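Here the structure comes first, spelled out in structure tokens, and everything after it is commentary.
The values are calculated or read from the model by the stated rules, or taken from the named source; none is laboratory data. Given the structure is predicted, the values throughout are model-derived calculations rather than measurements. When we count neighbours, we look across all protein chains shown, and the Cβ atoms used for this are built from the backbone with ideal geometry, even at glycine. Keep in mind that these areas ignore ligands, DNA and RNA; they rest on the heavy atoms of the full protein, side chains included. Shrake-Rupley method; radii C 1.70, N 1.55, O 1.52, S 1.80 Å.
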Amino acid sequence: MPAPLLSISTDTDLPAQADCVVIGGGIVGVSTAYWLARAGQKVVLLEKGRIGAEQSSRNWGWCRQQNRDARELPLSTRSLDLWEEMMRDCGAKIGFRRCGLLYLSNNEDEIEGWAKWGRFARAEGVDTRMLNAAQAAEHGAATGKPWKGGVWSPSDGIADPSSAAPTIARGIEKNGGVILQGCAARGLETSAGRVSAVVTEKGVISTGQVVLAGGAWAGSFLHQQGIFFPQSSVRSSILSVAPGARGLPDALHTKAVSVTRRGDGGYTLAVSGLAKVDLTPRMLRGAAHFLPMFAKRWRSLGPGGVQGWRAGFDGLKLWELDEPTPMERMRVLDPKADTAVIAKTLGRGRDLLPALRDVPVQASWASYIDSTPDGVPVIDTDIGIPGLALAAGLSGHGFGIGPGVGHLMADMLLGRAPITETGQYKLSRFDQSQWGKVSDF
């Protein structure tokens, strides 16, 4: 069963022209289009399937600063404010709340790692509080277990993955933008070496600016343009339980399992980092770029199968612009959840939190989480073709920082002062070795 998702109706007529076309209707794509529309741009957002139907509705819903890579932290902090601003403009169904995030551990090395990050983050103005054993037990009373320590980050929060992206999409329309669902972008046309149009399955849109926010599909699309984007995806399986549990933290992380309150009162259960590697043609081609990340994280990754290969989202084949593409054959990536992972996650959740033991499973699903070799996104307007920008490779962090990524991309395109530094997000950084550059968080 796929993850719950708010369904919305959007435009059906293809505009002939736009100031900017955004490709991809996940949290990054809708946020980018939203901020551009707010600035008065004539924006068209293209989504091959449904708004928010892939990773943007299948994640935990965390919006955090805690344990962020230093390169992402300023963007994470700014995104929290932007979530609040977007909710004021677009509506409460975004579901953002600064409920605080709770981390608990009985591993002294893990606790020391959090403390080290906290010393850095507090110097950057982040409110992150280390918990001793007594404080951890108090905050984690719902577990009924002793803890050596933990972290409480009160200014962090959660939003609702089932409705956030569709609700922001309605904000795009409110501000004059156009959204087309079920309309795949097949490729680009250029004139004098720069972007002049987007070719879609329904026709051509003339434009001088395109933002590719295609998530796991981005690398394959760029391959059609002769641009190499090192990108790899893993298949993550998680589940939700029905409403009914009482007295649980809104957002709790432990090494065994993480639990997050959903908008309907149920809870999402997941094991951080636990995923399967489904081989794909582009993954094999770019494998050398990912060796440093694999060396750090191999214990949590397991061999997958051929689901990713068959899905066609990460291929090397060049397609014709006047014929159906892989995006039209696979409108929504909806891989099968790993039943063993789901059973393990549920068992750990019920062992950690007794209040979950009598609450039935509501749904389970899987998703492909796309990553860059260093675990930090690419947000770049200079990737090889003038007029083509890239916002992808969010590496499992995209939901929380999506509003900031979209705002930063709008800043760059409009020539405004950016909300944070941009150099750390350039695609060209992957021209260098990635050893020693992989985030620990």
Check: Looking only at residues in segment 404-435 that are among the charged types (D, E, K, R), assigned to a loop (DSSP other than H, G, I, E, B) and out of contact with any strand residue (DSSP E or B) (no Cβ under 6 Å at 6 or more places or on another chain), which one is nearest to VAL22 (Cα to Cα)?
Finding: ARG416
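Give, as residue ranges, the strands (runs of 3 or more DSSP E) completely inside segment 300-383 that count at least 3 residues that are of a type outside the set (Val, Ile, Thr).
Values: elements: 301-303, 361-371, 378-380.
Of the strands (runs of 3 or more DSSP E) lying wholly inside segment 300-383, those with at least 3 residues that are of a type outside the set (Val, Ile, Thr) span 301-303, 361-371.
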Checklist line | Single residue of segment 371-397 satisfying the filter (within 20 Å of GLU54 (Cβ to Cβ) and open to solvent by 10 Å² or more (accessible area, probe 1.4 Å)) that is farthest from the chain's Cα centre (by Cα) | finding: SER371
Margin query: Looking at segment 278-285, can you tell me whether even one residue there is open to solvent by less than 40 Å² (accessible area, probe 1.4 Å), at pLDDT 90 or above and closer than 30 Å to GLY91 by Cβ?
Written below: no
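Only one residue in ASP81, ASP127, ASP109 is open to solvent by 50 Å² or more (accessible area, probe 1.4 Å), farther than 30 Å from TRP365 by Cβ and either hydrophobic (A, V, I, L, M, F, W, C) or in a loop (DSSP other than H, G, I, E, B) (or both), so which one is that? Can you show your working first?
On the way: ASP81 fails: either hydrophobic (A, V, I, L, M, F, W, C) or in a loop (DSSP other than H, G, I, E, B) (or both); ASP109 fails: either hydrophobic (A, V, I, L, M, F, W, C) or in a loop (DSSP other than H, G, I, E, B) (or both).
Result of the check over ASP81, ASP127, ASP109: ASP127.
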Notebook entry, point to check: Does ARG261 fit the bill of being charged (D, E, K, R), in contact with a strand residue (DSSP E or B) (Cβ under 9 Å, 6 or more places away or on another chain) and open to solvent by less than 20 Å² (accessible area, probe 1.4 Å)?
Noted result: no
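Residue by residue, here is whether (1) of a type outside the set (Gly, Ala, Ser); (2) more than 30 Å from THR128 (Cα to Cα); (3) free of Cβ contacts under 8 Å to residues at least 24 places away in the same chain; (4) touching a Ser or Thr at 6+ places or on another chain (Cβ under 7 Å) holds:
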residue: ASN59; (1), (2), (3), (4): yes, no, no, no
residue: GLU72; (1), (2), (3), (4): yes, no, no, no
residue: ARG78; (1), (2), (3), (4): yes, no, no, yes
residue: GLY91; (1), (2), (3), (4): no, no, no, yes
residue: GLY95; (1), (2), (3), (4): no, no, no, yes
residue: ARG98; (1), (2), (3), (4): yes, no, no, yes
residue: ASN106; (1), (2), (3), (4): yes, no, no, no
Check: Quick check: anything in segment 247-258 on the phi > 0 side of the Ramachandran plot and either modelled with pLDDT under 95 or open to solvent by less than 50 Å² (accessible area, probe 1.4 Å) (or both)?
Finding: no
